[in-house]
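S.K.: Structure below; questions to follow.
The values are calculated or read from the model by the stated rules, or taken from the named source; none is laboratory data. Because the structure is predicted, anything quoted here is derived from the model rather than measured. Note that each Cβ is placed from the backbone with ideal geometry, even for glycine, and that neighbours are counted across all protein chains shown.
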Amino acid sequence: METHNGNVLVLATGGSIAQTSPSDPTLTGEALLEAVPELRHKFGILVEEVAQVSSPDITPEHWIELASRINKAVADDKLQGVVVTHGTDTLEETAFFLNLIVKSDKPVVVVGAMRRPYALGADGAANLHDAVTLASCPDAMGRGVLVVLNSEIHSARDVTKTTFNLDAFKSRDFGPLGQMVNGRPIFYRRSERKHTLCSAFPSDLGRLPRVAIIYSYAGVTPDLIEAVAASGYEGIVWAGTGSGSLPKAIRPAAIAAVKHGLAFVRSSRVNCGYIKRNDEVDDDALGFITGDSLNPQKARILLMLSLTQTNDPVKIQSFFDSH
Ligand code: ASP
C-alpha cells in the first residue's frame, strides 16, 4: 500500500553517487531513485536534473541555478523539502552557498556518496534514503542547509570533506548536528550562525565577484598576491599557516592589495580553529578581514556574497562574525 508522507524535490547534479564508470557521472536522478524503490512508496518525489558533472566541475553558475530552483520550489505549500545529489569533492561549498541564499526554513539536504554505485559496499542508496527521509521531516526545519552522509547530519557551515573513506565528512570544531537512526533523524544541537531566512544576503544574485584563494607555505613569495591583484579579482582569501599567519615577506603585497581595493581575508590551511583578530597582525589598522572558523573554501563563498553588498572591511567582518 502506498503511503505518501509528503512531497520532496530531488535535484540531481552528478558526482560519484551517479557514476557507473570511472569517467563522467551518467546516472540520472530518476535512476538514482530506482535503486531505493521504497522511497517512491513513502514519498511523492519529483526529480529534476540540474547537471551531470563531477563536482570539481561545479561552478558558481550551478550554485545560482540551484538556489533559484530551490527558492521557487519551496514556495509550493505541498513541498516538504529538497534534496540535492552532488559529488563529494565540492559538496561542502554548494551546501554552504545554499545555506546563505535559500530563503526558506523547509529542509534542504545535500547528499553524495563516497563509493560509486558498482563498488562493493556502495553507500549512495543508503545516503539517498536518509536524505529524502530527512528532507521530509518537520524536525529538520529551520536548521539551515543540512548535509547527510554515513548516517551523520551536519550543518552546511561546519562540515568539510576530510578523507576518502566512508566517514569522510566531519564538522571538526563542532561535531555533527545529529544522526540518522533507523531512518529517523535524532538532533543534538543547532548552528548559532545566521543562515537561510536570517542570512544577510538576498536570493536574487546575478554574477558573483571573483575571489581567489592563495595557499601559504614555507618560503611563499608575494608575486602570487600581486598577480591576483592585477588580474581583476575583487578579493583574496589567504589560506595561511597556523592561525592565518602572514609571513613578513607577504605583508607589503597584502597591504598593497587592500589599498588597491581588494578585500583580504585571513583564514587557515589547518581548516579548523578560530582566527584571532589583531593578534600577530593589526587587522583593524590594515583593513584585513579574519575568517572566523571558516575553512578557506567557505571563507571564499562568504566573501563573494559579502562583496555583492559592500566592500567596507568593517561591514564584511560583521558578516564573518555572524554567518
Ligand atoms: N569525483 C567525485 C565528485 O566530487 C567524488 C565524489 O563524488 O565522491 O564528483
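S.K.: Looking at Y217, Y274, Y233, which one is touching a residue at least 12 places away in the same chain (Cβ under 8 Å), closer than 26 Å to E61 by Cβ and of a type outside the set (A, V, I, L, M, F, W, C)?
M.R.: Y233
S.K.: Give just the number: which of (1) without any contact (Cβ under 8 Å) to a residue 60 or more places away in the chain; (2) farther than 20 Å from L32 by Cα does V110 not satisfy?
M.R.: Failed condition: (2).
S.K.: A follow-up question, please. Of all residues in the range 9-26, count the ones that are within 12 Å of the ligand (Cβ to nearest atom) and outside any strand (DSSP E or B).
M.R.: Here the count works out to 9.
S.K.: Check E280 against each of (1) farther than 26 Å from T162 by Cβ; (2) modelled with pLDDT of 95 or more and name the one condition it does not meet.
M.R.: In the conditions (1) farther than 26 Å from T162 by Cβ; (2) modelled with pLDDT of 95 or more, E280 misses (2) alone.
S.K.: Answer yes or no as to whether L91 is hydrophobic (A, V, I, L, M, F, W, C) and within 20 Å of S23 (Cα to Cα).
M.R.: Judged against the criteria, L91 is a match.
S.K.: Look through the range 126-168, keep the residues that are among the small types (G, A, S), out of contact with any Phe, Trp or Tyr (no Cβ under 7 Å at 6 or more places or on another chain) and more than 20 Å from L294 (Cα to Cα), and return whichever of them is surrounded by the fewest Cβ atoms within 10 Å (Cβ to Cβ).
M.R.: G142
S.K.: Name the single residue that is farthest from V50 (Cα to Cα) among those in the range 72-97 being surrounded by 24 or more Cβ atoms within 10 Å (Cβ to Cβ) and more than 16 Å from the ligand (Cβ to nearest atom).
M.R.: G81
S.K.: Given the conditions (1) within 24 Å of the chain's Cα centre (by Cα); (2) away from the ligand (no atom under 13 Å from the Cβ), and given that G6 satisfies all but one, which numbered condition is not satisfied?
M.R.: It is condition (1) that G6 fails.
S.K.: A further question on this structure: Can you list the helices (runs of 4 or more DSSP H) lying wholly within the range 218-323 that have 3 or more residues being closer than 25 Å to R143 by Cβ?
M.R.: Values: elements: 223-229, 251-259, 283-286, 296-307, 313-322.
Once the helices (runs of 4 or more DSSP H) in the range 218-323 are filtered for at least 3 residues that are closer than 25 Å to R143 by Cβ, what remains is 296-307, 313-322.
S.K.: If you take the residues of the range 52-71 that are charged (D, E, K, R) and either surrounded by 15 or more Cβ atoms within 10 Å (Cβ to Cβ) or within 16 Å of the ligand (Cβ to nearest atom) (or both), which of them is farthest from C137 (Cα to Cα)?
M.R.: In this case the residue turns out to be D57.
S.K.: In the range 127-138, which residues are of a type outside the set (A, V, I, L, M, F, W, C) and within 14 Å of V181 (Cα to Cα)?
M.R.: N127, H129, D130, T133
S.K.: Could you identify the single residue in E49, E38, E34 that is away from the ligand (no atom under 16 Å from the Cβ) and free of Cβ contacts under 8 Å to residues at least 40 places away in the same chain?
M.R.: E34
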